[in-house]
1. Can you give the net charge of the other residues whose Cβ lies under 10 Å from the Cβ of Leu63, counting K and R as +1 and D and E as -1?
2. Would you mind checking which residues have amide H under 5 Å from Ile219's amide H? H placed 1.01 Å from N; only 5 or more apart, or other chain.
3. How much length, in nm to one decimal, is gained on full extension between Ala235 and Asp98, taken as 0.36 nm per residue of separation minus their Cα-Cα distance?
4. For the chain, give the share of DSSP beta bridges that are antiparallel, in percent and rounded to the nearest 5; count only bridges with both residues there.
5. Where does each of 237-250, 168-181 land if you order them by average Cβ count within 10 Å, highest first?
6. If the cut-off is 13 Å between C-alpha atoms, which aspartates and glutamates fall inside it for Lys259, apart from same-chain ones fewer than 8 positions away?
7. Using 1/(1 + (r/R0)^6) with R0 = 35 angstrom and r between the beta carbons of Ala220 and Ala182, what's the FRET efficiency to the nearest 0.05?
8. Based on the mean of other beta carbon atoms within 10 Å per residue, what is the order of 23-35, 223-235, 193-205, most packed first?
Amino acid sequence: MADALFHLRDVSFAFGPREVIRNLTWRLAPGHFYGIVGPNGCGKTTLLMLMMGYYAPQRGEILFEGRPVGTYRRRALATKMALVPQDFTINFDFSVFDIVMMGRYPHIPRFSSPVRGEIEKVRGVMAEMGIEGLADRSVMALSGGEKQRVVFARALAQDTSVLFLDEATSNMDIQHTLHALARVSDRVSGGRTAIGVFHDLNLAAMFCDRLVFMTAGQIAVSGETGNVLNETAIARVFGVESRVVRHPLTGGIQVLFHKESRS
């Protein structure tokens with residue numbers, strides 16, 4: 001895969017004595033929606049932080065566009081990568097518009113004010129996410145779901161080639177979850193790349209064309225979603241029984257779980 005967007009080679013990372021990522025190797029091509037799934041504590045979020053350069057591997061290396069990710073300046077990376085985190089906490093009384101505008105800061109020269117085009121881009125993304133009516137509201141006065149839509153809008157306004165999602169829809173209802181992930185999928189269809197951590201296998205199956213199963217800091221299974229999302233992989237990684245079927249209306253993959261047996 002000569003055109004790898006990311007290339008992780010024998011990457012390991014530990015928090016103190018606890019090794020979280022172990023000898024992980026993975027190559028990602030651009031233009032796909034990658035889903036990362038696995039049990040709690042298997043290293044999914046840590047893997048995202050390593051790929052974004054927030055953490056440095058203790059062993060191995062991570063190349064982004066053929067260059068070690070740690071050699072990029074933070075501002076340069078911010079023009080290429082955006083993150084929608086699971087939790088968003090801010091203790092300042094910024095308006096929703098101000099928060100979304102923060103996504104444009106990496107593209108605006110230092111000590112300059114946003115020009116008309118930047119403001120129009122922000123308003124367009126807010127309309128796309130259905131939050132234009134919240135523009136003047138304080139972000140501290142929003143519900144958890146509204147806040148998460150604002151964070152999605154900020155990342156989309158950043159207009160990067162790579163979008164990371166870290167359990168990004170956990171605070172949102174199903175309507176807004178589907179809407180937000182569809183907006184991400186639209187961008188992938190246009191050539192961008194998305195890499196998301198998912199707990200819901202059915203959401204991952206619906207939107208991701210590539211899937212990675214992680215366990216104990218390593219990749220257990222990876223490939224095209226239709227090929228790797230099966231009962232064997234789910235049992236191996238999650239230790240649960242399931243049935244993977246085609247939905248009769250959409251034709252998409254659907255995972256049905258067995259109830260946990262009672263002894």
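Derivation of every value follows stated rules applied to the coordinates shown; laboratory data play no part. Please read all numbers here as calculations on a predicted model, not as lab measurements. Here the Cβ positions follow ideal geometry from the backbone for every residue, glycine too, while neighbour counts run over all protein chains shown.
1. Summing Lys and Arg as +1 and Asp and Glu as -1 gives +1.
2. Excluding prolines and chain starts, which carry no amide H, the hits are Thr25.
3. 44.8 nm
4. Taking every DSSP beta bridge with both residues in the chain, the antiparallel ones total about 60 percent.
5. Ranked from most to least packed, the peptides come out as 168-181, 237-250.
6. Glu241
7. 0.75
8. Packing proxy ranking, top to bottom: 193-205, 23-35, 223-235.
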